[in-house]
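The values are calculated or read from the model by the stated rules, or taken from the named source; none is laboratory data. If you're wondering where the values come from, they're calculated on a predicted model, not measured in any experiment. Note that we place each Cβ from the backbone using ideal geometry, even for glycine, and neighbour counts take in every protein chain shown. What goes into the accessible areas is simple: the full protein's heavy atoms, side chains included, and nothing from ligands, DNA or RNA. Shrake-Rupley method; radii C 1.70, N 1.55, O 1.52, S 1.80 Å.
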Amino acid sequence: MADATTTVDWSDLPPELLQTSASKLPSLADYIRFHAACKTWRAAAPISPSHLPREFPWLMLPMSRSSDRRPFYKPLTNNLHCLTLPEASHTRRHAGSSLGWLILIDESPSIFLINPLTRDRITLPPLSSFPNVTNFDFYSIGREYTLRSPGNELYFCSLKEMRDSFIKKVILSHSPYNNSDFSAFAILNRHENLAYCKNGYESWRIIDEARSYSEDVIYLGGAFYAVDKFGSIAICDVNNNNNNRVKFMNVEQQIDGDMKYLVDAMGDLLLVSRYLEFEMDMEHYLEVCKTVEFRVFRFDWDAQKWESMTSLDEKVLFLGENSSLALLASDYTGCKGNRIYFTDDYSEGNYGGDDDVGVYNLGDGSIEPLPCYPRNSHRPIWITPTIC
């Protein structure tokens with residue numbers, strides 16, 4: 001008869017049983033716990049658990065200056081998770097998130113992708129490799145970068161200026177886990193340029209034909225779609241080396257609003273216009289802005305125009321510095337449709353107000369604020385956690 005105090009060594013379970021168990025896990029959180037249990041369980045878990053559903057986006061919050069751990073807020077469960085992520089330190093700036101990867105810019109002047117869950121890292125060409133950067137000298141303090149404007153004038157930028165202001169946003173065409181031949185596409189701030197690189201490139205390439213289409217960009221149907229301030233679109237096919245790599249969809253009507261976003265919403269191309277309200281904080285002599293409204297339009301491919309939408313129905317949108325995203329509320333317990341989850345992607349690091357983060361109800365125009373830590377040099381950003 002077995003001793004009642006006998007313990008079971010769970011690491012000795014048969015590999016086939018562990019593999020079956022791993023394939024039945026219902027969520028990413030369960031998979032991460034399974035993966036972290038021990039070496040045997042980790043070896044049995046597939047590297048790419050394709051059976052897992054897409055996770056509802058997490059809100060990456062600013063970190064404490066004294067810690068390497070980043071807090072991530074889960075809106076549907078009101079939970080907070082902390083992940084060790086020293087790569088996203090205060091010496092680096094995030095310039096977007098796309099397909100589960102965070103884009104980080106250093107003063108060194110490196111640019112790289114990192115997966116916050118796995119901490120896998122992929123290097124992109126550095127800031128000094130953009131065609132309009134004519135020289136980089138680390139020892140020219142405060143004037144490390146020499147750049148050439150579209151008007152052929154030279155000017156200088158410091159390490160901090162380039163890190164914080166040169167790039168507005170970077171998105172990816174594919175997840176590096178699924179396609180090693182992915183492209184990265186960047187919106188540049190100063191001259192409203194667009195640029196791209198492919199995995200393995202040593203430098204970025206400017207798309208001169210599409211200047212001013214710098215409000216937002218998404219990847220759709222094998223090309224990057226970029227939108228200007230009025231709702232016209234440039235379609236950039238970076239795989240086309242001919243002269244016609246950029247096509248334009250010029251709409252007659254002009255969509256107003258302070259900011260524009262493009263969203264691929266289950267086959268519908270959406271344009272979202274964001275309206276801001278500006279006030280003066282007289283106590284600190286700073287301008288403070290807040291989101292007050294969103295308006296949504298669907299593109300009519302036959303009529304080549306934007307049509308106003310009064311409802312998103314079951315769709316939920318995520319807008320901000322992240323690559324814009326649409327999900328179905330019915331796929332997530334506790335999620336309500338016809339909502340826009342948004343973050344602050346317009347203010348600079350020295351902005352004095354609170355972070356403009358919340359959930360907009362397109363039905364009644366109300367805004368539910370989301371909890372956020374006190375502002376510092378890092379703004380909150382949506383990221384869709386993935387390990388494959």
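Quick look at the values:
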{"quantity": "Residue in region 40-63 that is out of contact with any Asp or Glu (no Cβ under 8 Å at 6 or more places or on another chain), among the aliphatic types (A, V, I, L, M), outside any loop (DSSP other than H, G, I, E, B) and at pLDDT 90 or above present", "calculated": "yes"}
{"quantity": "Pick from region 66-109, criterion closer than 13 Å to ASP164 by Cα and open to solvent by 20 Å² or more (accessible area, probe 1.4 Å), ranking: nearest to the chain's Cα centre (by Cα)", "calculated": "ARG93"}
{"quantity": "Subset of region 194-231 (residues that are touching a residue at least 60 places away in the same chain (Cβ under 8 Å), open to solvent by 10 Å² or more (accessible area, probe 1.4 Å) and assigned to a loop (DSSP other than H, G, I, E, B))", "calculated": "ASN199, TYR201, GLU202, SER203, ARG211"}
{"quantity": "Failed criterion for ILE122 (all others in (1) buried (at least 21 other Cβ atoms within 10 Å of the Cβ); (2) modelled with pLDDT of 95 or more; (3) closer than 26 Å to SER324 by Cα; (4) in contact with a Phe, Trp or Tyr (Cβ under 8 Å, 6 or more places away or on another chain) hold)", "calculated": "(1)"}
{"quantity": "Candidate set from region 125-143 (those that are in a loop (DSSP other than H, G, I, E, B) and open to solvent by 60 Å² or more (accessible area, probe 1.4 Å)); member that is farthest from PHE166 (Cα to Cα)", "calculated": "TYR139"}
{"quantity": "Filter result for the condition that a residue is over 20 Å from the mean Cα position of the chain (by Cα) and more than 21 Å from SER323 (Cβ to Cβ), over MET249, MET282", "calculated": "MET282"}
{"quantity": "Selected residue [of a type in the set (Ser, Thr, Tyr) and not in a loop (DSSP other than H, G, I, E, B)] from SER311, SER273", "calculated": "SER273"}
{"quantity": "Residue selected from region 338-388 under the condition modelled with pLDDT under 90 and in contact with a helix residue (DSSP H, G or I) (Cβ under 8 Å, 6 or more places away or on another chain), by the criterion surrounded by the fewest Cβ atoms within 10 Å (Cβ to Cβ)", "calculated": "GLU348"}
